[in-house]
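Notes follow once the structure below has been shown.
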Amino acid sequence: MIQKGETFVSVDEDGRGLETWKQENGFPDLVLGGRFDDETDERCRCYEISSNEYSTENFWIPLFKRRFKAELERGERPRILSVGCGIGVEVEMLCEAGFACYGIDNGNRTKDWPKRKFSSGLLLANAMHMPFKSDSFDAVFCGCVFPHVGVVGDSNITSETYLLDRQKLADEMVRVAKPSGLVVACSPNRMCPFDIFHGREAGSYLPRFNPWGSRFLLSIGDYKRMFGSAGCSKVESLPVEGFWGFVTMNNSIKGRLLSAPIKLAFRLASTRAFRFLRPSPFLPWVAVGGTK
């Protein structure tokens, strides 16, 4: 249920209610609460396509196939929501893998949506004000979205309301998940001194220094507190192997050498024996899953 002035619009799986909203580039514009002014140059676009293809094939699809094995075997199509889906590659690939996947985003990369094969499930919306009924999805997930909520513009400077804004996002993700539904979030680890995702110059392999005390990134503990407060009965760290393909670094010998220790860290922390490494500064990336 969403509100526009005095008008309440219920958006269901058939899209009923969308006709009362304006269109942008052929997609329903249901944005409440502001937009995100992200980068849209061709270099960023190509990188997002290749990296999202890798993470979807090697992380998201296997994760959801394990979780919904019985439903898929019965011929059902579990409903999944990608929060902050960017150009929508993962939505397309998850639909092809047998899921009914939808995506929302409120940034500039949505201009790429007309190129997607499964574009009917893409909606312009702010994730802190989701245009869906409660208990709508079997799983709700996001990649590196939380660090970009509660910040000044598209920077790594947190605003005065960053805690409230991030909790609102967590609340919304849990709200639209079905009872016993899965909620997943991933991002760079706040506890690690190096940020392998943000702020790297084009062509550089040097990660951004993440100063101690900065609240731009999030830790496993941060996610556990937020999703627990939002209503998840169980929140735990997840294996991270398969999320990163290091698609740019693999293009050179130097890049492959520099990425080798990070790949090892991902592999070790994804095993049961070394899962204690997941919240530590040793691991630059975290993944957390919660059950409503």
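Taking the range 240-264 as the search range and keeping residues that are hydroxyl-bearing (Ser, Thr, Tyr) and open to solvent by 20 Å² or more (accessible area, probe 1.4 Å), which one is farthest from residue 59 (Cα to Cα)? Don't jump to the end; show me each part of the working.
Keep residues of the range 240-264 that are hydroxyl-bearing (Ser, Thr, Tyr), which gives 248, 252, 259.
Narrowing further to those that are open to solvent by 20 Å² or more (accessible area, probe 1.4 Å): 248, 252.
On the way: 248: 18, 252: 24 Å.
Among those that are hydroxyl-bearing (Ser, Thr, Tyr) and open to solvent by 20 Å² or more (accessible area, probe 1.4 Å), it is 252.
Under 18 Å from residue 52 (Cα atoms) and touching a Pro at 6+ places or on another chain (Cβ under 8 Å), is that true of residue 242?
On the way: under 18 Å from residue 52 (Cα atoms): yes; touching a Pro at 6+ places or on another chain (Cβ under 8 Å): yes.
Here the answer is yes, as residue 242 does meet what is asked.
Give the residue that is surrounded by the fewest Cβ atoms within 10 Å (Cβ to Cβ), with candidates limited to residues of the range 121-138 that are in contact with a Cys (Cβ under 9 Å, 6 or more places away or on another chain) and closer than 17 Å to residue 22 by Cα. Before you say what the answer is, go through the steps one by one.
Within the range 121-138, the subset in contact with a Cys (Cβ under 9 Å, 6 or more places away or on another chain) is 121-122, 127.
Checking the rest, the ones that are also closer than 17 Å to residue 22 by Cα come to 121-122.
Working: 121: 23, 122: 25.
Looking at the filtered set, the residue picked out is 121.
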Report the residue count in the range 167-183 for those that are open to solvent by 10 Å² or more (accessible area, probe 1.4 Å) and part of a helix (DSSP H, G or I). 5
What single numbered condition from (1) touching a strand residue (DSSP E or B) at 6+ places or on another chain (Cβ under 6 Å); (2) over 23 Å from residue 67 (Cβ atoms) fails to hold for residue 235? (2)
Can you tell me which residue is modelled with the highest pLDDT among those in the range 212-260 that are in a helix (DSSP H, G or I) and of a type in the set (Val, Ile, Thr)? 220
State yes or no: is residue 103 touching a Leu at 6+ places or on another chain (Cβ under 8 Å), under 17 Å from residue 182 (Cβ atoms), open to solvent by less than 60 Å² (accessible area, probe 1.4 Å) and of a type in the set (Gly, Ala, Ser)? yes
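Given the criteria under 25 Å from residue 134 (Cβ atoms), in contact (Cβ under 8 Å) with a residue 40 or more places away in the chain and open to solvent by 90 Å² or more (accessible area, probe 1.4 Å), does residue 229 qualify?
Numbers: under 25 Å from residue 134 (Cβ atoms): yes; in contact (Cβ under 8 Å) with a residue 40 or more places away in the chain: yes; open to solvent by 90 Å² or more (accessible area, probe 1.4 Å): no.
Spelling it out, it is not the case that residue 229 is under 25 Å from residue 134 (Cβ atoms), in contact (Cβ under 8 Å) with a residue 40 or more places away in the chain and open to solvent by 90 Å² or more (accessible area, probe 1.4 Å).
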Does residue 237 qualify as being in contact (Cβ under 8 Å) with a residue 12 or more places away in the chain, open to solvent by 70 Å² or more (accessible area, probe 1.4 Å) and touching a helix residue (DSSP H, G or I) at 6+ places or on another chain (Cβ under 7 Å)? no
Give the range 149-166 a look and list any residue that's assigned to a loop (DSSP other than H, G, I, E, B), polar (S, T, N, Q) and open to solvent by less than 50 Å² (accessible area, probe 1.4 Å), or say none. 155, 159
Just the residues that are of a type in the set (Gly, Ala, Ser) and at pLDDT below 85, please, taken from the range 31-63. 33, 34
For the range 103-115, indicate whether the set of residues that are under 30 Å from residue 209 (Cα atoms) and aliphatic (A, V, I, L, M) is non-empty. no
Within the range 65-98, residues being farther than 30 Å from residue 154 by Cβ and touching a helix residue (DSSP H, G or I) at 6+ places or on another chain (Cβ under 7 Å) number 5
Got a sec? Which of 278, 267 is surrounded by 15 or more Cβ atoms within 10 Å (Cβ to Cβ), within 30 Å of residue 174 (Cα to Cα), modelled with pLDDT of 95 or more and basic (Lys, Arg)? 278
Given (1) touching a residue at least 60 places away in the same chain (Cβ under 8 Å); (2) closer than 30 Å to residue 69 by Cβ, where does residue 175 come up short, assuming only one miss? (1)
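With open to solvent by 10 Å² or more (accessible area, probe 1.4 Å) and of a type in the set (Phe, Trp, Tyr) as the only criterion, which of 141, 118, 146 stands out? Steps first, please.
Working: 141 fails: open to solvent by 10 Å² or more (accessible area, probe 1.4 Å); 146 fails: open to solvent by 10 Å² or more (accessible area, probe 1.4 Å).
Checking each option against the conditions leaves just 118.
The values are calculated or read from the model by the stated rules, or taken from the named source; none is laboratory data. On a predicted model such as this, the values are computed, not experimentally measured, just so you know. A quick note on method: Cβ atoms are made from the backbone with ideal geometry, for glycine too, and the neighbour counts reach across all protein chains shown. Surface accessibility is based on the protein's heavy atoms, side chains included, excluding ligands, DNA and RNA. Shrake-Rupley method; radii C 1.70, N 1.55, O 1.52, S 1.80 Å.
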